[in-house]
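Enquirer: Handing you this structure, nothing more for now.
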Amino acid sequence: MPVFDFKHEPEGAQQAVCTYTVFQSNGRQASPDKPVLVLDRSSGDLPHHASGLFTNPARRTSFEFAGEDGVRPVDILRIDARFVSLLKWLGENHIRVRLSGENRPDGYAVYRIREVASGGDTRLSAEDGFLQFMIERLMASDAPEAEEEDEDREETGDDMKLTSLQSITDFLSCAGRTLPDNIRLWARRNLAVARSSEVTAEERRHAQRALSIMLNIRWKNSYYERIDPEEARRILDQELYGMESVKQRIIETVIQINRTHTLPAYGILLIGPAGTGKSQIAYAVSRILRLPWTTLDMSSINDPGQLTGSSRIYTNAKPGIIMESFYAAGESNLVFIINELDKASSGRGNGSPADVLLTLLDNLGFTDNYMECMIPTSGVYPIATANVRADISAPLLSRFAVIEIPDYTVEEKKVIFRDFVLPKILGRMRMRREECGITEDGLDAVIRKCAGTTGIRELEQAAEHLAANALYRIETGETESVLYDAETAGRLFGA
């Protein structure tokens with residue numbers, strides 16, 4: 001192999017020439033067929049693991065491959081748009097990396113980048129894990145919109161969550177363009193405050209905390225991949241017995257998403273008696289949409305400030321519950337499950353929590369007093385539950401597609417107890433089906449015991465009592481299995 005000597009030219013010695021083109025990609029995994037970048041291999045193949053440095057950050061066009069016979073500079077031909085700023089940052093900070101790639105007809109296709117611990121004065125050591133963290137975040141993000149390069153613009157403004165100022169600064173340098181425009185501008189301003197010596201320590205602390213919360217959320221676009229309707233139906237049948245009208249409405253939502261690749265304009269409001277599985281339906285929908293979920297319990301919220309947070313002028317200021325929900329979920333696209341919506345109109349004189357919910361449900365953006373920034377909500381899918389329709393204000397009702405959930409009939413409760421509830425309880429107690437059974441008249445006795453109650457919660461409690469009693473009798477050596485009939489079930493429940 002010939003020896004390649006790479007000499008750095010004096011700054012401004014020649015006109016910078018960009019050798020690469022940028023391509024848009026939203027792929028979640030890199031491979032030789034879907035690489036992060038492509039290097040020129042016209043002067044010879046590169047090894048599978050090529051170690052070296054990205055160089056010339058002003059041009060951001062080359063990679064110095066350190067081979068056995070010397071240093072070999074190779075041009076960059078193509079870069080995934082999400083990784084342009086990261087490669088520039090790696091070059092500016094002289095961080096040695098190892099590329100995993102494959103020699104292909106169009107060049108050396110790089111599908112993995114890892115930092116090499118060299119013992120030198122690098123910005124972050126390999127042990128910090130920052131590079132791996134950044135690559136995972138970029139792969140999970142959507143391609144930034146194409147725009148002209150602005151060389152004069154800088155993307156700047158305890159760990160592996162972004163908490164330190166160093167990691168926040170590096171993240172903005174590497175991935176600033178993947179953020180929504182308003183959040184990127186907000187981050188620059190807050191970073192300036194967090195670094196400033198002209199503001200109080202309290203202001204710097206609040207700015208850094210707000211940055212950490214905002215940048216640890218993966219801000220995604222509102223494009224939704226196709227959902228398999230048959231898989232959606234399987235999940236619904238697994239979670240819910242009967243409720244065909246409810247399942248039909250959810251499948252209609254899935255079909256709509258598949259056609260438009262966006263969420264419906266309205267969320268779902270499930271109204272029905274307690275214990276009829278409203279929350280279970282909401283969790284099933286989040287599984288179908290493949291989104292994280294978070295809950296807002298309106299029965300415990302009586303002040304709108306709990307939702308909107310408090311201003312940073314206060315020492316004990318903090319974000320509101322809605323912003324904390326985004327942070328806990330780790331991404332902007334999620335299912336908001338709003339429990340007991342009929343309790344949202346009650347307040348303590350400082351306004352109504354329902355008024356705050358309206359801004360969240362309109363998908364126009366939500367402003368938290370602590371963050372001082374408009375939060376995009378186009379990827380939020382709200383599913384609310386309530387017991388009493390009359391207690392929900394008309395403006396709130398108008399934001400939802402309402403689905404009435406009827407109570408179960410006696411026959412439905414029998415099937416649910418025998419085929420769903422009891423097997424679930426036995427599985428949780430690690431009992432075999434043959435260790436605890438129930439006859440038809442025994443089942444009638446259980447249903448009579450639960451008469452007068454709505455939903456299936458009391459059925460679940462009865463099944464647990466039944467299984468626990470059987471387990472006790474088996475473990476004490478009284479019997480090897482128990483079959484409950486009307487007499488034994490009635491005696492157990494005091495009927």
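The values are calculated or read from the model by the stated rules, or taken from the named source; none is laboratory data. Nothing here was measured: the structure is a model prediction, and the numbers come from that model. Ideal geometry is used to build each Cβ from the backbone, glycine not excepted, and the neighbour counts take in all protein chains shown.
Enquirer: Here is a list: LEU466, LEU483. Which entry is in a helix (DSSP H, G or I), modelled with pLDDT of 90 or more and out of contact with any Lys or Arg (no Cβ under 7 Å at 6 or more places or on another chain)?
Expert: Numbers: LEU483 fails: in a helix (DSSP H, G or I).
Exactly one residue qualifies, and that residue is LEU466.
Enquirer: Select from region 398-410 the residues that are outside any strand (DSSP E or B) and loosely packed, with under 15 Cβ neighbours inside 10 Å and write down the one among them that is modelled with the highest pLDDT.
Expert: Out of the qualifying residues, it is SER398.
Enquirer: Next question, about the same structure. Could you tell me which residue of region 433-453 is farthest from the chain's Cα centre (by Cα), considering only residues that are assigned to a loop (DSSP other than H, G, I, E, B) and more than 14 Å from GLU464 (Cα to Cα)?
Expert: Ranking the candidates gives THR439 first.
Enquirer: So, in region 232-287, how many residues would count as being aromatic (Phe, Trp, Tyr) and in a helix (DSSP H, G or I)? Spell out how you get there, then give the answer.
Expert: Filtering region 232-287 for residues aromatic (Phe, Trp, Tyr) gives 241, 266, 283.
The next check asks that each one be in a helix (DSSP H, G or I); those that pass are 283.
Number satisfying all stated conditions: 1.
Enquirer: Checking the condition in the same structural domain as GLY27 (by TED's automatic domain parsing) and buried (at least 20 other Cβ atoms within 10 Å of the Cβ), which residue from SER62, SER100 passes?
Expert: Only one candidate passes the filter, namely SER62.
Enquirer: Report yes if LEU46 is surrounded by 16 or more Cβ atoms within 10 Å (Cβ to Cβ), modelled with pLDDT of 85 or more and touching a strand residue (DSSP E or B) at 6+ places or on another chain (Cβ under 9 Å), otherwise no.
Expert: Yes: the conditions hold for LEU46.
Enquirer: Turning to a different aspect of this structure: Out of GLU155, GLU230, GLU147, GLU151, report the one residue that is modelled with pLDDT under 85, acidic (Asp, Glu) and under 25 Å from the mean Cα position of the chain (by Cα).
Expert: That would be GLU155, the only listed residue that is modelled with pLDDT under 85, acidic (Asp, Glu) and under 25 Å from the mean Cα position of the chain (by Cα).
Enquirer: Could you run through region 299-326 and say how many residues are crowded, with 16+ Cβ neighbours inside 10 Å and of a type in the set (Ser, Thr, Tyr)?
Expert: 3
Enquirer: Assuming LYS424 fulfils every condition listed in (1) touching a Gly at 6+ places or on another chain (Cβ under 9 Å); (2) of a type outside the set (A, V, I, L, M); (3) within 29 Å of ALA329 (Cα to Cα); (4) part of a helix (DSSP H, G or I) apart from one, which condition is it?
Expert: All conditions pass for LYS424, except number (1).
Enquirer: When you go through GLU460, GLU475 one by one, which is the residue that is of a type outside the set (A, V, I, L, M, F, W, C), surrounded by 16 or more Cβ atoms within 10 Å (Cβ to Cβ) and either under 23 Å from GLY272 (Cα atoms) or modelled with pLDDT of 90 or more (or both)?
Expert: GLU460
Enquirer: Would you say GLY129 is more than 25 Å from THR163 (Cβ to Cβ), surrounded by fewer than 17 Cβ atoms within 10 Å (Cβ to Cβ) and at pLDDT below 80?
Expert: no
Enquirer: Would you check if LEU124 is modelled with pLDDT under 80 and outside the structural domain of PHE171 (by TED's automatic domain parsing)?
Expert: yes
Enquirer: Checking TYR224 against (1) closer than 30 Å to ARG188 by Cα; (2) not in a loop (DSSP other than H, G, I, E, B), only one condition comes out false. Which one?
Expert: Tallying (1) closer than 30 Å to ARG188 by Cα; (2) not in a loop (DSSP other than H, G, I, E, B), TYR224 fails exactly one: (2).
Enquirer: Here is a follow-up. Within region 288-312, count every residue that is assigned to a loop (DSSP other than H, G, I, E, B) and aliphatic (A, V, I, L, M).
Expert: Here the count works out to 2.
Enquirer: Oh, and also: So, ARG428, is that one under 19 Å from GLN280 (Cα atoms), modelled with pLDDT of 85 or more and of a type in the set (Lys, Arg) or not?
Expert: It is true that ARG428 is under 19 Å from GLN280 (Cα atoms), modelled with pLDDT of 85 or more and of a type in the set (Lys, Arg).
Enquirer: Also, quick follow-up: For region 363-397, which positions are outside any helix (DSSP H, G or I) and among the charged types (D, E, K, R)? Before you say what the answer is, go through the steps one by one.
Expert: The first filter runs over region 363-397 and keeps only residues outside any helix (DSSP H, G or I), leaving 363-388, 392-393.
Matches in region 363-397: ASP368, GLU372.
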